[in-house]
1. Would you please give the FRET efficiency between Leu125 and Asn90, computed as 1/(1 + (r/R0)^6) with r the Cβ-Cβ distance and R0 = 30 Å, to the nearest 0.05?
2. For segment 86-143, which GluC sites (Glu not before Pro) pass both filters: DSSP loop (anything but H, G, I, E, B) and at most 11 other C-beta atoms within 10 Å?
3. Subtracting the Cα-Cα distance from 0.36 nm times the residue separation, let me have the gained length for Lys133 to Ala45 in nm, one decimal.
4. Name the shape class, rounded, prolate or oblate, that the alpha-carbon gyration tensor gives for segment 52-143, where a ≥ b ≥ c are the square roots of its eigenvalues, rounded holds for a/c under 1.5, and otherwise prolate holds if a/b is larger than b/c and oblate otherwise.
5. Among rounded, prolate and oblate, which fits segment 54-101 when a ≥ b ≥ c are the square roots of the eigenvalues of its C-alpha gyration tensor, a/c under 1.5 means rounded, and a/b larger than b/c means prolate?
6. What's the ranking of 39-46, 79-86 by average number of surrounding C-beta atoms within 10 Å, highest first?
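Taken together, the values in this text are just the output of simple stated rules run on the coordinates, not laboratory data. It should be emphasised that the depicted structure is a prediction, and the values quoted were computed from it without experimental measurement. So basically every Cβ, Gly included, is an ideal-geometry build from the backbone, and we count neighbours across all protein chains shown.
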Amino acid sequence: MKIRTLTVTVALAGLSLAGVSQTVFAAEAAAARETITPAFTEAIANVPGKTMTALVVDYAPGGKSLPHRHGQAFVVAYVLSGAIRSGVNNGEVRVYHAGESWTEKPGAHHTVSENASDTEPAKLLAIFVADTKDKKLVTFDKQ
């Protein structure tokens, strides 16, 4: 088995975000029944060497992400619509509804990330604060 890695480049500023979403994320999204679309990437002016990257994650009804980690990035997840079931570091699994959020510390293991509904879609905004040189913001577990 090989490690499945989704590489998110934090140097998206000079690239077409729409084109990147179609090519970089397509294979992983098909396997997990999710669609990942880059929203923005911005250097943090008052924190040299750090970049903020945001991704929109759309879950089809019943869709889920594979267990994964976000390296040394600090992550804020904000539910835009629907309900997302989430569990980090084998802790309590909780359902978050539109308008609710959670955070993940660097190195956290995101073991459960899925649409809480089998009939309605759900969407979240994931915001990463990471070293500008860190190119692997999502690393999936071995399958």
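1. On the way: r = 25 Å, r/R0 = 0.82.
So, using R0 = 30 Å, E works out to roughly 0.75.
2. On the way: sites: Glu92, Glu100, Glu104, Glu114; in loops: Glu92, Glu100.
Those that pass, being in a loop and sparsely packed, are Glu92.
3. Working: separation 88, 0.36 × 88 = 31.68 nm, distance 1.53 nm.
Once the chain is fully extended between Lys133 and Ala45, it gains 30.1 nm.
4. Values: a/c = 1.78, a/b = 1.49, b/c = 1.19.
Prolate, since a/c reaches 1.5 and a/b exceeds b/c.
5. On the way: a/c = 1.40, a/b = 1.28, b/c = 1.10.
Since a/c stays below 1.5, the shape of segment 54-101 is classed as rounded.
6. On the way: 39-46: 12.2, 79-86: 19.5.
Going by the mean number of other Cβ atoms within 10 Å, highest first, we get 79-86, 39-46.
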